[in-house]
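Here the structure is laid out as structure tokens; the discussion comes afterwards.
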Amino acid sequence: MTFSLDLTKPLSRVGFLVNLLFLSVVFSGLSWLSFGYMTHSLPHGAILAEEQAIAQKAQDQAFTKAKAAAKGKVFDEKAALAEAKKAGLEAAEKKHEEIHHHAVGGWAPFAVFLLIISAIFFAGFLSIALQRRANEAAKNGLLVFIAHVGAWALATFIAFEPFLSHHGLTKAWSVVGILGLVLIVPIAIAGEGYADDHGH
């Protein structure tokens, strides 16, 4: 059986590759979705509400100022309101980056927490598949331990790729993913073992 949590069930090289690809796609997708939701979709409402409040406040101030300046003169309310709206939009635009940074920053710990959860589950399932592969190839000891370290490194890199990409760090940390894959390869491609043949 290709997908199983039972460590006693052997796993072929092709089966392990299928597991690796499937888990990579699933957890990469979950990480991107959760990170996107936490850093874009969720803060969007708060950003919009705060910008509207700033724009309204600046608009009211500009309109009141224009009205006060027109004392004793003909006051064009329509034109003054249009100018006040323009001033309000400009004020909100100037504060956009600050508002966005503050709103996203508030949800950032939760976004990272979800990525950690994704990495843990990804690494856990990948380690199970790797151990099944090691059992099939009759491998144990340091080589298997190193392969498990590689599985956790690869899973963590893939799960955290949205965060790394957001901060422009993907290239710098790609060595972790590559190293993880390299450490897995000896077990992944190992031939079928004969350790248990005497018992059949």
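Report, by residue number, each residue of the stretch 174-191 that is of a type outside the set (A, V, I, L, M) and surrounded by 16 or more Cβ atoms within 10 Å (Cβ to Cβ). Please lay out each step first, then the result.
Initial filter on the stretch 174-191 (of a type outside the set (A, V, I, L, M)): 174, 177, 180, 186, 191.
Gly177, Gly180, Pro186 - these are the residues of the stretch 174-191 that are of a type outside the set (A, V, I, L, M) and surrounded by 16 or more Cβ atoms within 10 Å (Cβ to Cβ).
Within the stretch 86-138, the set of residues being of a type in the set (D, E, K, R) and closer than 24 Å to Phe22 by Cα comprises Arg132, Arg133, Glu136. Cβ-Cβ distances below 8 Å connect the following pairs, each with a first residue in the stretch 25-47 that is touching a residue at least 12 places away in the same chain (Cβ under 8 Å), a second residue that is crowded, with 18+ Cβ neighbours inside 10 Å and polar (S, T, N, Q), and a separation of six or more residues or different chains: Phe27/Ser118; Leu30/Ser118; Ser31/Ser118; Ser34/Ser118. Just one of the listed residues (Ala92, Ala80) is assigned to a helix (DSSP H, G or I) and either charged (D, E, K, R) or without any contact (Cβ under 8 Å) to a residue 40 or more places away in the chain (or both), namely Ala80. Of the residues making up the stretch 1-31, those that are of a type in the set (Phe, Trp, Tyr) and crowded, with 16+ Cβ neighbours inside 10 Å number 2.
Remark: Thr156 falls outside the filter, which requires a residue to be crowded, with 16+ Cβ neighbours inside 10 Å, more than 30 Å from Glu51 (Cβ to Cβ), of a type in the set (Ser, Thr, Tyr) and at pLDDT below 95. Within the stretch 1-24, the residues that satisfy the criterion of being assigned to a helix (DSSP H, G or I) and either within 22 Å of Glu98 (Cβ to Cβ) or free of Cβ contacts under 8 Å to residues at least 24 places away in the same chain (or both) are Val14, Val18, Leu21, Phe22. Here Asn140 clears all of (1) of a type outside the set (A, V, I, L, M, F, W, C); (2) in a loop (DSSP other than H, G, I, E, B); (3) buried (at least 16 other Cβ atoms within 10 Å of the Cβ) except the condition numbered (3). Restricting attention to the stretch 109-137, the residues that are more than 30 Å from Ile189 (Cβ to Cβ) and either surrounded by 16 or more Cβ atoms within 10 Å (Cβ to Cβ) or basic (Lys, Arg) (or both) add up to 2.
Of the residues examined, Leu142 is not one that is out of contact with any strand residue (DSSP E or B) (no Cβ under 8 Å at 6 or more places or on another chain) and within 23 Å of Leu23 (Cβ to Cβ).
The values are calculated or read from the model by the stated rules, or taken from the named source; none is laboratory data. Note that the structure is predicted; figures quoted are calculated from it, not measured. Quick reminder, even Gly has a Cβ in these numbers, built from the backbone with ideal geometry, and neighbours come from all protein chains shown.
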